[in-house]
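The next block holds one structure in the form of structure tokens; read it before the comments.
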Amino acid sequence: MEQFNEAFRKRTNIKQPVSFDTLEEVLKKTAAAIPFENKSILKQQAPFINKEYLSEKLLRNNEGGLCYELNPLLYHFLKENGMSVQLIRGTVFDQAEDTWSKTGNTHVLILLSNKNEQYVVDTGFGNNLPLTPVPLTGKAVTSENGAFRINHHDSEYTLEMNKNNEWKVGYKFSSNDIISDDTELEEIRDIILKSPLSPFNKKLLITKCENGMTLTLTESSFIQNKQGEITKVSLANSEHIHLAKKYFNLDL
């Protein structure tokens, strides 16, 4: 069986050694190759989540996933390549409702340590990916997908993003809310799968970030956003099936 590290590199076309200095390239290639999508949730699939499952689904079957799959996959890759990483739980801010997500702390992110500094690393936040490590010091960083920073409030941190000249909250987390085993990932998955409050168990959503552009596909629309220049196309019948294959290499 193909080894995990080799399979990850093959899927993402990552050839360089992994270090803190090459993390931005790793994040860009991962985001471009593995889409954020909820196909398995809509099909009510709930297998046991572990490294072998993630490797089979995301690397060998060329599927995508949600944060509880994408970030654990990247976590295992970074860990195998000598990086100091932990999986953390967070709570997404619902921009439409102007409040914290009613599904609670169901976002999964990575906390990375390097030279006594800590950073958020995230490849599972839809089309709002930082595409670069974001330091917990509060320093703003930029990538082709916008500007990002971490704010610290009492015992909590918030990831904030600026994509259209306005800072908005993405999610909050505590550095102590560490995911200790795979059963916690299943608990998160089950909430997303079953809760009537979950936005991911109702309609198809596929996104990815590639070449300075975000692509977002639903059954009714296809949106391309290149640094604020938005092109939206309404879809009819089963056009989304063709577009899922063409732009995301996904079979629906």
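May I ask you to say which residue of Leu197, Leu217 is in contact with a helix residue (DSSP H, G or I) (Cβ under 8 Å, 6 or more places away or on another chain) and farther than 24 Å from Leu136 by Cα?
Within the list Leu197, Leu217, the selection yields Leu217.
What number of residues within segment 60-71 are surrounded by fewer than 21 Cβ atoms within 10 Å (Cβ to Cβ) and part of a loop (DSSP other than H, G, I, E, B)?
Narrowing segment 60-71 to residues surrounded by fewer than 21 Cβ atoms within 10 Å (Cβ to Cβ): 60-63.
Filter once more, so that each one left must be part of a loop (DSSP other than H, G, I, E, B): 61-63.
Of the residues in that region, 3 qualify.
Could you tell me whether segment 112-128 includes any residue that is charged (D, E, K, R) and touching a Lys or Arg at 6+ places or on another chain (Cβ under 7 Å)? It would help to see each step written out before you state the result.
Here is the first cut: in segment 112-128, the ones charged (D, E, K, R) are 115, 117, 122.
Keeping just the survivors that are touching a Lys or Arg at 6+ places or on another chain (Cβ under 7 Å) gives none.
Looking through segment 112-128, none of the residues is charged (D, E, K, R) and touching a Lys or Arg at 6+ places or on another chain (Cβ under 7 Å).
Filter segment 45-56 down to the residues that are farther than 13 Å from Phe4 by Cβ and either surrounded by 11 or more Cβ atoms within 10 Å (Cβ to Cβ) or in contact with a Gly (Cβ under 8 Å, 6 or more places away or on another chain) (or both) and list them by number.
Narrowing segment 45-56 to residues farther than 13 Å from Phe4 by Cβ: 45-49.
Gln45, Ala46, Pro47, Ile49 - these are the residues of segment 45-56 that are farther than 13 Å from Phe4 by Cβ and either surrounded by 11 or more Cβ atoms within 10 Å (Cβ to Cβ) or in contact with a Gly (Cβ under 8 Å, 6 or more places away or on another chain) (or both).
Identify, from the list Gly90, Gly104, the residue that is buried (at least 23 other Cβ atoms within 10 Å of the Cβ), under 18 Å from the mean Cα position of the chain (by Cα) and either at pLDDT 95 or above or more than 14 Å from Ser198 (Cβ to Cβ) (or both).
Gly90
Working only within segment 107-133, note down all residues that are crowded, with 22+ Cβ neighbours inside 10 Å and acidic (Asp, Glu).
Matches in segment 107-133: Asp122 only.
Would you please list the contacts, defined by Cβ atoms under 7 Å and residues six or more apart or on different chains, that run from a residue in segment 220-233 that is farther than 12 Å from Gly146 by Cβ and touching a residue at least 24 places away in the same chain (Cβ under 8 Å) to a residue that is polar (S, T, N, Q) and assigned to a strand (DSSP E or B)?
none
Would you please list the contacts, defined by Cβ atoms under 8 Å and residues six or more apart or on different chains, that run from a residue in segment 117-132 that is among the hydroxyl-bearing types (Ser, Thr, Tyr) to a residue that is assigned to a loop (DSSP other than H, G, I, E, B)?
Tyr119/Pro133; Tyr119/Leu136; Thr123/Ile34; Thr123/Leu129
Just to be sure before I move on: is Glu63 of a type in the set (Asp, Glu) and out of contact with any Gly (no Cβ under 6 Å at 6 or more places or on another chain) in the structure I sent?
Yes; evaluated as a whole, the condition is true for this residue.
Can you say whether Ile223 is modelled with pLDDT of 95 or more and either assigned to a strand (DSSP E or B) or crowded, with 16+ Cβ neighbours inside 10 Å (or both), as far as the supplied structure shows?
So Ile223 fits the description; yes.
Name the residue that is farthest from the chain's Cα centre (by Cα), counting only residues in segment 175-220 that are part of a strand (DSSP E or B) and among the hydroxyl-bearing types (Ser, Thr, Tyr).
Applying the filter and picking the extreme gives Ser175.
For every residue, the table says whether it meets (1) part of a helix (DSSP H, G or I); (2) farther than 23 Å from Gln227 by Cα.
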{"site": "Leu73", "(1), (2)": "yes, yes"}
{"site": "Gln86", "(1), (2)": "no, yes"}
{"site": "Gly104", "(1), (2)": "no, yes"}
{"site": "Gly124", "(1), (2)": "no, no"}
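I'd like the full set of residues that are under 13 Å from His76 (Cβ atoms) and of a type outside the set (Lys, Arg), limited to segment 35-55.
Ile49, Asn50, Glu52, Tyr53, Leu54, Ser55
The values are calculated or read from the model by the stated rules, or taken from the named source; none is laboratory data. Only a predicted model underlies this, so the values are computations on that prediction, with no experimental measurement involved. Here the Cβ is made from the backbone with ideal geometry for all residues, glycine too, and neighbour counts use every protein chain on show.
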